[in-house]
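J.: Before anything else, here's the structure in question.
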Amino acid sequence: MASYKVSQENGQRKYGPPLGWRGAPPPRGSEVYVSRIPRNLREDCLIPIFSSIGTIYTLRLMMDFSGSNRGFCFIQYTSVEEANRAIVELDGFELVPEHQIKVCRSVDNRRLFLGQIPKDKTKQEIFDALSSIVSGVVDIILFISASDKRFNKGFCFAEFETHRAAAMARRTLVVNGLRFWNREVRIDWAMPEIFVEDSVMAKVTTIHIRNVLAETSEADLKNIIYNFANREDVVKLRKIRDFAFVNINTREAAERVFEGLKSKSLMQTLQSGVIWS
């Protein structure tokens, strides 16, 4: 049986991670959101029920100034499969007589939107400027003008290591105001990415290529893709304005293309990015 530490910080009671935990934290999709919790309960009433499903990595119970909980918590399991079971088996569970809790997947949003940025700034300049103020930034998703690759479109997305890092960064930037290059920059949560099960993602063979320059033709894209896949592997490619979709006939070939298009040197050449579609 794992041992856990309980602490209280930043308006929440935190249980976990397991003492002696080794390795990386659990993957995205392994956390559930629990609501409609009676306000007088503490984590000791929740742990036996939720640990019957699987191993709890952390439990975070939100608290108010009076010492009561705020009616909801976040529970992260050690795997996505355990989180799935908790949603199926404990949603609607009667925690106390005539009081059912709600359990759903937590929205693990790690991305912030930055608007009104100068159009002449590069991805690296924005990354460096933001990283000098907040911690946990791992990537900047910048959209380049299709007509002139010297300029961006005036907005970008900042990707953080964790949802907590993104939340702390947003709090810091909203409270203090964010000014870069003598300009006030808008900041807000980005629309959260939709969680897709690994078993579903393993079947996806369509790749979305974004930030495609105006002068880059479908033939140009195909010639690049043929470096990573055979011609017969490419089922269809369609460019629409500044983005394109390419459908590959097998997942194995699609993964080769995806990783090839993500290569740093190619991204610098194309000024683009790729995601699964």
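A short reminder: the numbers here are calculations on the coordinates, not readings from a lab. Model, not experiment: these values are computed from the prediction. No Cβ is skipped: glycine too gets one built from the backbone with ideal geometry, and neighbour counts run over all protein chains shown.
J.: Along Cα→Cβ, 7 Å out, is where each label goes; now give me the distance between the ones at residue 39 and residue 276 in nm to one decimal.
T.: Between residue 39 and residue 276, the simple spin-label model gives 4.3 nm.
J.: A follow-up question, please. Using only the Cα atoms of the chain, build the gyration tensor, take square roots of its eigenvalues as a ≥ b ≥ c, and label the shape rounded, prolate or oblate: rounded if a/c is under 1.5, else prolate if a/b is larger than b/c, else oblate.
T.: It is oblate, given that a/c is not under 1.5 and a/b is not larger than b/c.
J.: If contacts are Cα pairs under 8 angstrom and at least 6 residues apart, what is the relative contact order of the chain in percent?
T.: 14
J.: By how many degrees, 0 to 90 and rounded to 10, does the Cα axis of helix 80-90 deviate from the longest principal axis of the chain?
T.: Here the helix axis deviates by roughly 50 degrees.
J.: Taking the alpha-carbon centroid of each part, what is the distance from the range 128-154 to the range 216-230 in angstrom?
T.: Using only Cα atoms, the two centres lie 26 Å from each other.
J.: What FRET efficiency, computed as 1/(1 + (r/R0)^6) with R0 = 41 Å and r the Cβ-Cβ distance, is obtained for residue 85 and residue 235, rounded to the nearest 0.05?
T.: 0.65
J.: Moving on. Mind running the shape call on the range 198-276? Use the C-alpha gyration tensor, a ≥ b ≥ c as the square roots of the eigenvalues: rounded below 1.5 for a/c, prolate if a/b tops b/c, oblate otherwise.
T.: Prolate.
J.: Taking square-rooted eigenvalues a ≥ b ≥ c of the alpha carbon gyration tensor, is the range 8-105 rounded, prolate or oblate, where a/c under 1.5 means rounded and, failing that, a/b exceeding b/c means prolate?
T.: Oblate, because a/c is 1.5 or more while a/b does not exceed b/c.
J.: Sticking with this one: Which three extents, in angstrom, do the Cα atoms of the range 43-148 have along their principal axes, listed largest first?
T.: Here the spans come out as 63, 35, 23 Å, largest first.
J.: At q = 0.09 Å⁻¹, what is the log10 ratio I(q)/I(0) for the range 55-213, with the Debye formula run over Cα points and no solvent?
T.: Each listed q maps to, in turn, -0.44.
J.: Give, as ranges by residue number, the residues of the range 212-234 whose backbone N falls under 14 Å from the point 7 Å along Cα→Cβ of residue 204.
T.: none
J.: Rounded to the nearest 20 debye, what is the charge dipole size of the chain about its Cα centre when +1 sits on each Lys and Arg Cβ and -1 on each Asp and Glu Cβ?
T.: Charge dipole of the chain: 700 debye, to the nearest 20.
J.: Charges only on Cβ, +1 for Lys and Arg, -1 for Asp and Glu: so what's the dipole of the range 111-189 about the Cα centre, in debye to the nearest 20?
T.: 180
J.: Given a Förster radius of 51 Å and the C-beta distance between residue 217 and residue 94 as r, what FRET efficiency does 1/(1 + (r/R0)^6) yield to the nearest 0.05?
T.: It comes to 0.25.
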